[in-house]
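The next block holds one structure in the form of structure tokens; read it before the comments.
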Amino acid sequence: MGKTKTILDNSKDFFAEVGDMSYFTARFFREVFKPPFEFKELMRQCFNMGNRSLLLVVVTGFILGLVFTLQSRPTLMEFGAESWMPSMVGISIVREIGPVIIALICAGRIGSGIGAELGSMRVTEQIDAMEVSGTNPFKYLVVTRIAATTLMLPLLIVTGDTVALLGSALIENLKGDVSYLLYFNQVFDAITYADIVPATIKSFFFGFAIGLVGCYKGYYCSKGTVGVGEASNAAVVYTSMLLFIIDFIAVFITDIFF
Amino acid sequence: MESNNKTAPVLELKDLQKSFGENHVLNGFNLKLYKGENLVVMGKSGSGKSVMIKCLVGLIEADSGSIRIKDHDITKLGQNELDILRTEIGFLFQGSALYDSMTVRENLEFPLRRHKKMLELKGNTESLVVEALTNVGLADAIDLMPAELSGGMQRRVALARALILKPKIILYDEPTTGLDPITAKEIIQLMRTIQDTYNTSSLIITHDVDCARVISNRMILLVDGINYAEGTYQELIASQDPKVQAFFKN
């Protein structure tokens with residue numbers, strides 16, 4: 001009986017959270033098109049998120065390209081198919097691995113940062129202070145951050161993909177005597193709009209999910225400093241799960257239309 | 001001062017009730033604040049003082065009762081109307097609540113961004129910021145970050161931010177908590193100066209008896225979510241009621 005009650009309570013909490021998050025999302029769409037627009041804060045957030053994540057994305061992308069090529073090479077050589085390496089790496093990185101890995105990195109870097117920042121503003125009453133001064137903290141803090149992640153993540157993913165391909169080309173050049181020109185010619189021959197368009201659309205949704213969950217967890221943070229830690233942690237965990245769900249849906253839809 | 005005057009109160013709470021689950025915090029609290037008055041609400045920690053003051057500005061929704069500020073029942077106002085009414089109220093938070101990613105200047109400019117034109121405040125943003133900071137004695141701190149200020153300085157900047165829209169009512173939530181006795185005295189003195197300069201009515205929430213003694217024209221003792229006792233400081237301290245006596249002795 002006790003166990004049944006716990007499961008019921010957990011289910012109730014889960015659906016309550018889904019409901020709250022849906023309301024939060026609806027409020028974002030209601031506020032985002034309503035003046036006054038916080039362009040200055042949006043630009044500041046875009047700069048913070050993009051600029052401060054750039055090094056991490058570049059390093060991750062480069063190592064991803066290197067490792068992926070190094071690990072795949074022996075298997076392809078076994079089948080005498082090493083000439084397929086550029087097209088295989090190109091398609092894999094552009095369609096799937098690049099967006100997912102970069103989005104997960106950004107969920108850790110940006111999502112947890114948003115959760116912790118808004119959470120600490122909530123527990124130190126800074127959000128309340130904005131509200132009593134007659135301004136709209138949701139618009140200033142939440143709308144700008146979600147918009148910034150939605151706009152910046154595709155750019156970071158394109159950057160990460162490009163650097164990953166450079167890393168892969170470097171290995172092919174060193175190990176397989178493939179020139180950079182030949183490598184990239186093969187990559188661009190293999191990649192089509194059917195690879196690029198769904199991946200780009202998907203990356204906007206990834207960015208939206210990172211901003212949304214980070215803001216939701218931080219904005220409704222409670223329980224003092226412990227709550228800030230929980231908000232930051234939950235932002236990363238929930239976002240990671242959400243990213244895989246979005247990725248699954250995106251792959252499913254892509255499979256139907258492309 | 002004007003606690004017994006016949007004018008309408010600038011702020012009135014009637015039968016305010018608020019519970020959090022089984023915890024009944026406010027059980028029919030009443031309050032009237034008159035123009036130019038310093039009204040102190042005292043009570044033990046956890047007695048519901050902060051909940052009451054947050055209900056008053058719409059940060060927490062009361063379960064029942066009415067909250068009237070300048071003839072507006074705030075429980076019936078839309079968000080836009082409430083935001084406009086909030087410009088007439090300054091709020092000093094317990095922990096100062098300065099925006100820690102902004103400089104002192106940006107902290108003070110923040111409330112002006114939306115309301116400066118509507119309120120038709122004289123002077124440009126820069127002069128209003130400098131004026132507010134000068135009135136709290138911190139004009140030199142304009143380009144510092146909140147983390148570079150001491151606790152007392154943070155409280156002063158928070159007070160300057162609360163005053164920037166030139167409100168008619170100021171709400172103080174534990175203005176001296178966490179400060180050393182000397183700084184606490186300076187803040188109390190500043191509160192009196194501010195009242196003279198800006199001609200405000202003040203509602204002060206505190207459990208600091210010294211603060212109440214110096215600043216109050218009238219006091220309400222909040223016990224078990226109701227107005228347990230009311231009067232001037234002298235009247236309350238002379239009370240023979242054991243609960244009132246226990247409060248002042250402790």
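General remarks:
- Neighbour counts of C-beta atoms inside 10 Å place A:E31, A:E125 in the sequence A:E31, A:E125, starting with the fewest.
- Amide H contacts under 5 Å for B:V41, placed H, 5+ residues apart: B:I204, B:I205, B:T206, B:I220
- Percent antiparallel among DSSP beta bridges (both partners in the protein assembly as shown, rounded to 5): 55
- Exposure proxy ranking, count of Cβ atoms within 10 Å, fewest first, for A:I253, B:I237, B:I67: A:I253, B:I237, B:I67
- Neighbour cut-off at most 12 other Cβ (10 Å), DSSP loop, trypsin sites (Lys or Arg not before Pro), the range B:1-102: B:K6
- For the range B:32-125, lysine pairs with C-alpha atoms less than 22 angstrom apart, excluding pairs fewer than eight positions apart on the same chain, total 14.
- Among B:L149, B:L171, B:L108, residue whose mean-square fluctuation peaks in a GNM of chain B (springs only between Cα atoms under 10 Å): B:L149
- Listed values for the range B:169-182 are Karplus-derived 3J(HN,Hα) couplings in whole Hz (6.51 cos²θ - 1.76 cosθ + 1.60, θ = phi - 60°), namely 10, 10, 10, 10, 9, 6, x, 10, 5, x, 9, 6, x, 5, and x replaces Gly and Pro.
- As a proxy for reagent exposure, A:F258, A:F205 were ordered by neighbouring Cβ count within 10 angstrom, fewest first; the result is A:F258, A:F205.
- Dipole axis of the protein assembly as shown (+1 Lys, Arg; -1 Asp, Glu on Cβ), positive-most option in A:A235, B:T197, A:L212: B:T197
- Here the label points at B:F248 and A:M241, each 7 Å from Cα along the C-beta direction, are separated by 5.7 nm in the simple model.
- Partners for A:K12 among aspartates and glutamates (Cα-Cα distance below 13 Å; same-chain residues under 8 apart left out): A:D20
- Degrees separating the helix A:39-78 axis from the principal Cα axis of chain A, which is the longest one: 40
- Dipole of chain B, positive end: most advanced residue of B:A212, B:L33, B:F20 [Cβ charges, Cα centre]: B:L33
- Charge dipole (Cα centre; +1 on Lys/Arg Cβ, -1 on Asp/Glu Cβ; no other charges) of the range B:151-250 amounts to roughly 360 debye.
- Counting Cβ atoms of other protein chains within 10 Å of each Cβ in B:81-92 and taking the mean gives 3.
- The alpha carbon centroids of the range A:180-258 and the range B:206-249 are separated by 58 Å.
No lab work stands behind these numbers, since they all come straight from the coordinates. None of the values given here were measured: they were computed from a predicted structure. Note that we place each Cβ from the backbone using ideal geometry, even for glycine, and neighbour counts take in every protein chain shown.
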